Amino acid sequence: MTAHIAPLAADPVSPNIERRTVLAVENLGLSLRNADGLLPIVTDVSFSIREGEAVALVGESGCGKSITASAIMGIAPDNSVITGTITLNGKVISGLSPKDRRKLCGRHMGFIFQEPMTALHPTLSIGRQMTDTLRHNLGLGQAEATNRAAELLDRVGIPRARDILKGYVHELSGGMRQRVMIALAISCGPSLIIADEPTTALDVTIQAQVLDLLDDMRREMNLAMLFITHDLEVVGDFCEKAVVMYAGDVVERGLSADVVQAPAHPYARGLIDAVPAHDDGRTRLTPILGTVPPVGQWPEGCRFAPRCNRADDQCRARPALERHGPTDARCWHPLETMA
Amino acid sequence: MSPETVLSVTGLSKSFRAVKAVRDVSFSIPRGKTFGLVGESGSGKSTTARLVLRLVEPTAGSISFRGKDLAGLSSGDLRAERRHMQMIFQDPFGSLNPRMSVRDTLVEPQVVHGIGTPAEQLKTAERLLAEVSMPRAALDRYPHEFSGGQRQRIAIARALATNPEMIVADEPVSALDVSVQAQVLNLMRDLQDRHGTTMLFISHDLRVVQFMCDEIGVMYLGEIVEQGPRDRIYGAPAHPYTQALLASAPGKAGGQRARLKGEIPSAHAVPSGCAFRTRCPHAFERCTVEKPAMRAIGGGQKAACHLLDAAAAA
Ligand SMILES: Nc1ncnc2c1ncn2[C@@H]1O[C@H](COP(=O)(O)OP(=O)(O)O)[C@@H](O)[C@H]1O
Ligand SMILES: Nc1ncnc2c1ncn2[C@@H]1O[C@H](COP(=O)(O)OP(=O)(O)O)[C@@H](O)[C@H]1O
Ligand code: SF4
Ligand code: SF4
Ligand SMILES: [Mg+2]
Ligand SMILES: [Mg+2]
């Protein structure tokens, strides 16, 4: 097992139980090959997820969260050049052929996307899509697969499961579609679920329902979960650990309670301060100046430097991801934390 | 209506065939204040905004703007009144003409309403750009050359071009990343302070509404079910729906998410009695047969729920 990523502080949920590492991502880099050469999209991403653990991948749009997920799932664009190592249940999968990769992923990884309409087939019935997956991955017969599909829909809180199996995705509300995605994702008994902004398009009331469901599934099936989001408040509620990305880099990594309450990296702090708080009655917010630099236009050294009020000459060199207080941060001048 | 009231909406309803999008909505906004509408998608917020802007015709009810009944205006007078009520939408791409330079985008509304000489119009355009913290060089560029946050700044500048009394903003920051969202929200507040603009502000994001609004109306299935000053709505919500909405928001202490059952029913088939009863954790028999009336509960707060009758009687 790959274990050179330093384990973070004690597990708050079950401190005495040694939990198996399900996913380990080490020094993952992804560049896209185009006419001008290689365009780096993600550089040096490392984190791991243990069984029963939810890890958040957080950051604003364009910072490389989805493409990191696609590299893990083995569905990165064809012109990708991937470096680093991805290990699933102790087996290095980053070097596998696409065919072997797909086989493994169908069984052991489940995916949930923000927009279920892009992942679910519009003109195949929901039942057909579910039974195809079950038959293909688990070798079930048709009748058995249908029963299992109905059980799964029932389990994710879809009423009248048998009727819904005969229906189509477009007939469902956003929340119900997301439940179907969850049913499909867990259908083959995976050890890892990758959920890319699964509740971003939903109303808060439905978001709360879907998060509760994912949380129940994680506990019940002891699932490792990679939860991609741009909302730090969701992270604090829902994930044990958080990995904050900025411009293709991991800039902070730690227990989510520490990252959300006492971040060391100025970008993580900025993300938290920019959100109107629930009750503080401020008359002004504290925005982060400027915008995220697009790929191909990252500054040398610290990529956050043009927007950082702590930047100095030292920041022209690229900082490493290092332990500062309770979390790891990629910063020359990390914020003081309480711990 | 007091002279300080800029917009007053009474009994406003809108049906699209069988869809009851907005039902009997009433509120008013004093000069320089911001009234917020919150609620799940499909609750009728955007339709209310479009009714106020007279982009759609109401099925019933009246809208009084600057003391004039908008329904009674001729189309010419209505066009003239538009100068005083401008809008900002979620997607500035949808509201900015892609083939118009920023200069033309900012000059056009002034031309339409006959404000100033060409030289003055250009000067105003330059001043507006500076007000939204965009460089002068942006004048000759086109919407697609800007980021989402910058496009929203341009849309705000355009909305200000006629020096309107009121701005209707429908989800103006919903498409923006949080760091940029904070920039735009600060900007809107600064401009409002400077110009004394009255605002109808719509968002599904409870945090954003709390930051921006003085008074808030909570909508459910086309109706306002609770209304009142910001601190009352957030500090002492009286309607079970408002309570559930606030408790569903992420980031609450201890991660205790309230579980509001089910989903908002279709506006084709509004439940009898209290429209919220199919999801309300407190629903009882009376809620099925009798529609709760809006009841004032002090401090400028009011809500429509039978439980408040019991509370008042006790
Ligand atoms: N197939 C692709 N070709 C070119 N650029 C891409 C491709 N996919 C993603 N990118 C770029 O990579 C960056 C990261 O994208 P993404 O992982 O989708 O970000 P996030 O999910 O954090 O919003 C973005 O700048 C995006 O434009
Ligand atoms: N032009 C229209 N034709 C038919 N139905 C509409 C139209 N506009 C809105 N609706 C319906 O009216 C209801 C309220 O919609 P809307 O005002 O957009 O809500 P919100 O902005 O709160 O999401 C929804 O059921 C919606 O489908
Ligand atoms: S390394 Fe320097 S510029 Fe980068 S985040 Fe830290 S202080 Fe700011
Ligand atoms: S009237 Fe009845 S159903 Fe409606 S909110 Fe009050 S208790 Fe709930
Ligand atoms: Mg993404
Ligand atoms: Mg709307």
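What the table shows:
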{"item": "Filtered residue count, the range B:260-300, keeping only those that are closer than 14 Å to B:Q243 by Cα and more than 8 Å from ligand 4 (Cβ to nearest atom)", "result": "3"}
{"item": "Residue in the range A:304-325 that is in contact (Cβ under 8 Å) with a residue 12 or more places away in the chain and within 16 Å of ligand 1 (Cβ to nearest atom) present", "result": "yes"}
{"item": "Set B:R151, B:R230: member being within 21 Å of B:Q110 (Cβ to Cβ) and within 14 Å of another protein chain (Cβ to nearest Cβ)", "result": "B:R151"}
{"item": "Residue match in the range B:152-175 (condition: more than 26 Å from the chain's Cα centre (by Cα), part of a loop (DSSP other than H, G, I, E, B) and not acidic (D, E))", "result": "no"}
{"item": "Subset of the range B:172-211 (residues that are away from every other protein chain (no Cβ under 11 Å), β-branched (V, I, T) and closer than 20 Å to B:I233 by Cβ)", "result": "B:T198, B:I202"}
{"item": "Conditions (1) crowded, with 19+ Cβ neighbours inside 10 Å; (2) within 21 Å of B:M212 (Cα to Cα): number failed by B:E4", "result": "(1)"}
{"item": "Subset of the range B:58-107 [without any contact (Cβ under 8 Å) to a residue 40 or more places away in the chain, closer than 24 Å to B:K20 by Cα and in contact with a helix residue (DSSP H, G or I) (Cβ under 8 Å, 6 or more places away or on another chain)]", "result": "B:L70"}
{"item": "The lone exception for B:G114 - which of (1) at positive phi; (2) touching a strand residue (DSSP E or B) at 6+ places or on another chain (Cβ under 6 Å) it fails", "result": "(2)"}
{"item": "Counted residues, the range A:226-248 - those being outside any strand (DSSP E or B) and more than 9 Å from chain B (Cβ to nearest Cβ)", "result": "4"}
{"item": "Selection from the range A:164-207 of residues that are basic (K, R), within 13 Å of chain B (Cβ to nearest Cβ) and surrounded by fewer than 22 Cβ atoms within 10 Å (Cβ to Cβ)", "result": "A:R177"}
{"item": "Output for the range B:270-310, where each listed residue is among the aliphatic types (A, V, I, L, M) and either surrounded by 12 or more Cβ atoms within 10 Å (Cβ to Cβ) or modelled with pLDDT of 90 or more (or both)", "result": "B:V270, B:A275, B:A283, B:V289, B:A293, B:M294, B:A296, B:I297, B:A303, B:A304, B:L307, B:L308"}
{"item": "Residue selected from the range A:264-276 under the condition more than 7 Å from every other protein chain (Cβ to nearest Cβ) and out of contact with any strand residue (DSSP E or B) (no Cβ under 7 Å at 6 or more places or on another chain), by the criterion modelled with the highest pLDDT", "result": "A:P266"}
{"item": "Sole residue being over 24 Å from A:D132 (Cβ atoms) and among the β-branched types (V, I, T), chosen from A:V234, A:V180, A:V169, A:V156", "result": "A:V234"}
{"item": "Residue pairs meeting the criteria (Cβ under 6 Å; at least 6 apart or on separate chains; first within 25 Å of B:S266 (Cβ to Cβ) and assigned to a strand (DSSP E or B), in the range B:3-29; second within 16 Å of ligand 4 (Cβ to nearest atom) and hydrophobic (A, V, I, L, M, F, W, C))", "result": "B:K20/B:V270; B:V25/B:I224"}
{"item": "Condition broken by B:V107, with the remaining ones in (1) outside the structural domain of B:H204 (by the TED database); (2) within 27 Å of B:V178 (Cβ to Cβ); (3) crowded, with 20+ Cβ neighbours inside 10 Å satisfied", "result": "(2)"}
{"item": "Options A:L23, A:L39, A:L57: the member that is in contact (Cβ under 8 Å) with a residue 60 or more places away in the chain, away from every other protein chain (no Cβ under 14 Å), in contact with a Gly (Cβ under 6 Å, 6 or more places away or on another chain) and more than 16 Å from ligand 3 (Cβ to nearest atom)", "result": "A:L39"}
{"item": "Wholly enclosed strands (runs of 3 or more DSSP E) of the range B:34-105 bearing at least 3 residues within 15 Å of ligand 6 (Cβ to nearest atom)", "result": "B:34-38, B:85-89"}
{"item": "Residue satisfying all of: in the range B:109-134; part of a loop (DSSP other than H, G, I, E, B) and within 26 Å of the chain's Cα centre (by Cα); nearest to B:A161 (Cα to Cα) among these", "result": "B:H113"}
{"item": "Boolean, A:A145 is at pLDDT 95 or above, buried (at least 19 other Cβ atoms within 10 Å of the Cβ) and more than 16 Å from ligand 3 (Cβ to nearest atom)", "result": "yes"}
{"item": "Residue within the range B:107-115 that is hydrophobic (A, V, I, L, M, F, W, C), at pLDDT 95 or above and within 30 Å of A:L202 (Cβ to Cβ) present", "result": "no"}
{"item": "The range A:61-71, residues that are surrounded by fewer than 22 Cβ atoms within 10 Å (Cβ to Cβ) and in contact (Cβ under 8 Å) with a residue 40 or more places away in the chain", "result": "A:S61, A:G62, A:S66, A:A69"}
{"item": "Any hit, the range A:109-117, residues being of a type in the set (G, A, S) and either more than 30 Å from A:D203 (Cβ to Cβ) or within 16 Å of ligand 5 (Cβ to nearest atom) (or both)", "result": "no"}
{"item": "Of all residues making up the range B:76-95, the number that are under 16 Å from B:Q110 (Cα atoms) and either within 16 Å of ligand 2 (Cβ to nearest atom) or β-branched (V, I, T) (or both)", "result": "1"}
{"item": "Any hit, the range A:201-218, residues being in contact with a strand residue (DSSP E or B) (Cβ under 9 Å, 6 or more places away or on another chain), within 16 Å of ligand 1 (Cβ to nearest atom) and within 26 Å of A:L88 (Cβ to Cβ)", "result": "no"}
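So that you can scan it fast, the table gives a plain yes or no per residue for (1) in contact with a Ser or Thr (Cβ under 6 Å, 6 or more places away or on another chain); (2) away from chain B (no Cβ under 14 Å); (3) at pLDDT 90 or above:
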residue	(1), (2), (3)
A:T286	no, no, no
A:G296	no, yes, yes
A:P299	no, yes, yes
A:R307	no, no, yes
A:A311	no, yes, yes
A:A320	no, yes, yes
A:W332	no, yes, yes
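The values are calculated or read from the model by the stated rules, or taken from the named source; none is laboratory data. Computed from a predicted structure; not experimentally measured. With ideal geometry, Cβ positions are generated from the backbone for all residues, glycine too; neighbour counts draw on all protein chains shown.
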